[in-house]
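Beneath this line is the structure, given in structure tokens, with notes to follow.
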């Protein structure tokens with residue numbers, strides 16, 4: 001799965017939320033002011049289609065776009081890359097980072113411990 005640029009990922013977030021959309025709908029959903037030009041977002045969507053993230057239904061010369069992969073699939077692949085690249089496939093390194101850098105609350109740590117205990121009993 002090819003990595004996405006920040007702009008591509010922002011467009012995908014909108015498509016996952018809207019389920020299907022025309023380029024105009026994507027532009028309207030962007031929080032940016034001023035809104036980016038139509039051609040810019042249209043180009044981004046076409047790149048996403050080439051990368052296999054987006055598919056479309058044609059209505060004459062107009063295209064309605066929709067995600068070709070789910071947000072869960074993308075999250076899973078992105079996390080695998082991050083886990084391998086930044087944490088050397090080490091759950092200990094990941095959890096250490098989360099505890100130290102993300103300032104997890106005691107309640108969060110307790111929930112993580114409970115999840116671990118629950119999954120080790122299976």
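Residue 32 passes every criterion in (1) within 21 Å of the chain's Cα centre (by Cα); (2) surrounded by fewer than 11 Cβ atoms within 10 Å (Cβ to Cβ); (3) part of a helix (DSSP H, G or I) apart from (3).
Filtered by the rule that a residue be in contact with a helix residue (DSSP H, G or I) (Cβ under 8 Å, 6 or more places away or on another chain) and not in a helix (DSSP H, G or I), the range 69-105 gives 70, 89, 104.
Summed over the range 1-40, residues that are more than 19 Å from residue 69 (Cα to Cα) and in contact with a helix residue (DSSP H, G or I) (Cβ under 8 Å, 6 or more places away or on another chain) total 8. Select from the range 109-122 the residues that are over 30 Å from residue 3 (Cα atoms) and in contact with a helix residue (DSSP H, G or I) (Cβ under 9 Å, 6 or more places away or on another chain) and list them in ascending order. Within the range 109-122, just 109 meets the criteria.
Would you confirm whether or not the range 44-67 contains a residue that is closer than 30 Å to residue 112 by Cα and surrounded by 14 or more Cβ atoms within 10 Å (Cβ to Cβ)? Within the range 44-67, not a single residue is closer than 30 Å to residue 112 by Cα and surrounded by 14 or more Cβ atoms within 10 Å (Cβ to Cβ). Taken as a whole, the condition of being in the same structural domain as residue 14 (by TED's automatic domain parsing), modelled with pLDDT under 95 and out of contact with any helix residue (DSSP H, G or I) (no Cβ under 6 Å at 6 or more places or on another chain) applies to residue 61. Quick check on the range 98-110. Is at least one of its residues surrounded by 14 or more Cβ atoms within 10 Å (Cβ to Cβ) and at pLDDT below 95? Yes: one or more hits.
It is to be established whether one or more residues within the range 50-66 are assigned to a loop (DSSP other than H, G, I, E, B) and under 13 Å from residue 4 (Cβ atoms). So far as the range 50-66 goes, yes, one or more of its residues are assigned to a loop (DSSP other than H, G, I, E, B) and under 13 Å from residue 4 (Cβ atoms).
The values are calculated or read from the model by the stated rules, or taken from the named source; none is laboratory data. Owing to the predicted nature of the structure, the values given are computational and were not obtained by experimental measurement. In this analysis, Cβ positions are derived from the backbone assuming ideal geometry, glycine residues included, and neighbour counts consider all displayed protein chains.
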